[in-house]
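Worksheet: one structure, shown below.
All of the numbers you see were taken from the coordinates with simple rules; none came from a lab. These figures come from a predicted structure and were not determined experimentally. Because the Cβ atoms are built from the backbone with ideal geometry, glycine has one as well, and the counts that use them run over all protein chains shown.
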Amino acid sequence: MQRRRTVGRLAVAVALLLLTGCTGTVTESLSASVPSGAAADRGVTEERSPSQSVGGTLRIVAGAPDSLDPARSYFPWVWNIMRLYARTLVTYAAEPGAAGSEPVPDLATDLGVPSDGGQTWTYSLKPDQHFEDGSVITAADVKYGIERSFAADVVVGGPTYVVDLLDDPANPYGGPYTDPHPQRLGLARVETPDALTLVFRLNRPYADFDHIMALPSSSPVPRAADTGADYGADPVSSGPYAVTVVDEVLGITLERNPRWDRDADPVRTALPDRVEIRTGLTGPDRDQRVIGGSADLDVMSTGVQPETLLRIDADDGLQTRTDRTTSGTIRMLALPVTVPPMDNVHCRRAVSLAVDRPALVEALGGGQWVTPAVSLGPQTLPGSAAEPGSDNTPATEPVLAEAQAELAACGRPEGFSVRIATPNDQRPLQVARSLADDLARIGVEGLVVGLDPETYYSSDIGRPDNVTAEQYGILVTAWSGDLPTPATYYPPLVSAVQPTGSANYAQIGGPDLLALVTAALTAADPGVAEGTWQMLDETLVELSAYVPLVEDRVVLLAGERLRNAYVHRAYGGYDLAVVGVR
């Protein structure tokens, strides 16, 4: 298959762009008709404009991807693109709503088979699956793809769940680039007894291991084609499309992989003949292209810009192409228990009870942008969102009398002064300022400290000693999980406090909290696991170590030609595995 970039091909494309005066790629003419069956918010619960017609070019707009190397990307919208060329043992169902949060077989014949109390997982590969060069995908290729994540000095930037679950602290594995022997053992905890079988022996039980195998970092990589840190410039396809162009000006192009077996892939429909992704665009530029018809969708999970939404609300035709959905991101406060007076639970509860969430919703632009958080976990997580007004959820309205009582209980009846750390960006600054106004009603002085967004999470609040030294008693944060499972959402919030890069911003811990995490991670029954995660959620809210404020919402806009689009929870946008343009 001829698929690699050539200077001549790029030169011709650039010349055509200059002649036409366009800034995007050269493409076929557009249809301006609105698809039948279009309706506002239809894509939240079902496909909009269903069609199984094959052909055409899908045009996508995006910002700058972190990497096309499946082991190096940490952006869910890039994972959505990888769904087109990187298959995994299991993946997420091609379904809207909660069904899309469920792992389903992909390269494997079935989901993983746990044994040894959830510490050993076995997968069987489907036979005769091929890379784009025609070579057969084997268990060794899957193992090698996973091993690359261990090479922290070469493969940088991607998730490290496999490292956490498969490494041996007593004998750490350094990745495949440190092993010079042709007959290599590699990562000892992953066994390949034959070409179609993988046995994972985890260092602890983990009931959600199928979710980890759904990450692109668990996709197969042929050892002979691995170029180390440069692999993202030319990744080898195991899916329906192959990457043929990666260019800063032209963006990314994917073309059909003739070695992909449609009958053996129950997830991807791969309807378009070609996929063009224009990268590096700003939000307003992306919106304009989708509205104007030169793009079919924006793959970013941020949705349209506020100024674009004003235009959409004034246009009935555009409104029918929108899907308004929760994002899975909770804006919350972390109250570090090492910073007085937040070391007193009653002082923390006073802060929590003073929050006016409805007022904050209005300050952040209204209900189409945020909704009051009814639990610490977002509504997109299974079993995590409690009903508003129930006893185990935070009050959405401020309860000032109770807040005053908590101040008295913590020995500060006249209030106190507290420093509020926040990224120096518009929305988190608005959260901090609204909070300061709320606290003033109970006699608490909130001093807002705006910090560099580039270093906020890594150096400012990610270093507990800095939080203590600067006496940041309230931290404005936004939190979401990597995957649509509580197992990647809650544990970091109560994990062991690290000197740098700590995600336990409240610095809360203790055996009771860790016991809940362990029980949930090892529960074989999903219902038991969900109940345990909810118990952890309620405990953290009761302790007021974390105070949930609002859950972000986004407005997605479908292009005029886009078919089969629905919002996928795992990727925060329209599922690229099934969309078409005819």
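For n ≥ 4 DSSP H runs only, could you compute -39500 (n - 2.57) per run for the chain, divide by its residues and tell me the 222 nm figure to the nearest 500? Don't skip to the answer; put the middle values down first.
Numbers: 17 runs with 150 residues, N = 582.
One gets -7000 deg cm²/dmol as the mean residue ellipticity at 222 nm.
Among the complete DSSP H segments of the chain, which ones combine at least 18 Å of alpha-carbon extent along their axis with a mean Kyte-Doolittle hydropathy of 1.0 or more?
Details: long enough: 7-20 (20 Å, 2.24); 426-440 (21 Å, -0.29); 526-543 (26 Å, 0.07).
For the chain, where a helix must reach 18 Å along its axis and average at least 1.0, the hits are 7-20.
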inquiry  = Once you place label points 7 Å from the Cα toward the Cβ at residue 417 and residue 542, how far apart are they in nm?
reply    = 3.5
request  = Report the FRET efficiency, 1/(1 + (r/R0)^6), for residue 39 and residue 307, where r is their Cβ-Cβ distance and R0 is 30 Å, rounded to 0.05.
outcome  = 0.80
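Cβ under 11 Å from residue 287's Cβ, residue 287 left aside: what net charge do those residues give with Lys, Arg +1 and Asp, Glu -1? Please report the intermediate quantities before stating the final value.
Numbers: positive: 286, 289, 311; negative: 285, 298, 307.
Charge balance near residue 287 sits at 0.
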query = For mean projected area of the Cα convex hull in nm², the choices are (1) 26.7; (2) 34.3; (3) 28.8; which was calculated from the structure?
reply = (1)
key: Per-pair calculated FRET efficiency, R0 = 51 Å: residue 233 and residue 316 via Cβ, rounded to 0.05   = 0.70
Table column - 3J(HN,Hα) (Hz), region 84-100, Karplus curve with 6.51, -1.76, 1.60, x for Gly and Pro = 7, 10, 10, 7, 10, 4, 10, 9, 8, 4, 7, 9, x, x, 4, 4, x
ask   = Residues with amide H under 5 Å of residue 447's amide H, sequence separation 5 or more or different chain, H placed in the peptide plane at 1.01 Å from N; which?
value = 418, 419, 420
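For region 326-554, give me the percentage of DSSP beta bridges that are antiparallel, rounded to the nearest 5 percent.
Numbers: 14 of 24 bridges.
Beta bridges within region 326-554, antiparallel portion: roughly 60 percent.
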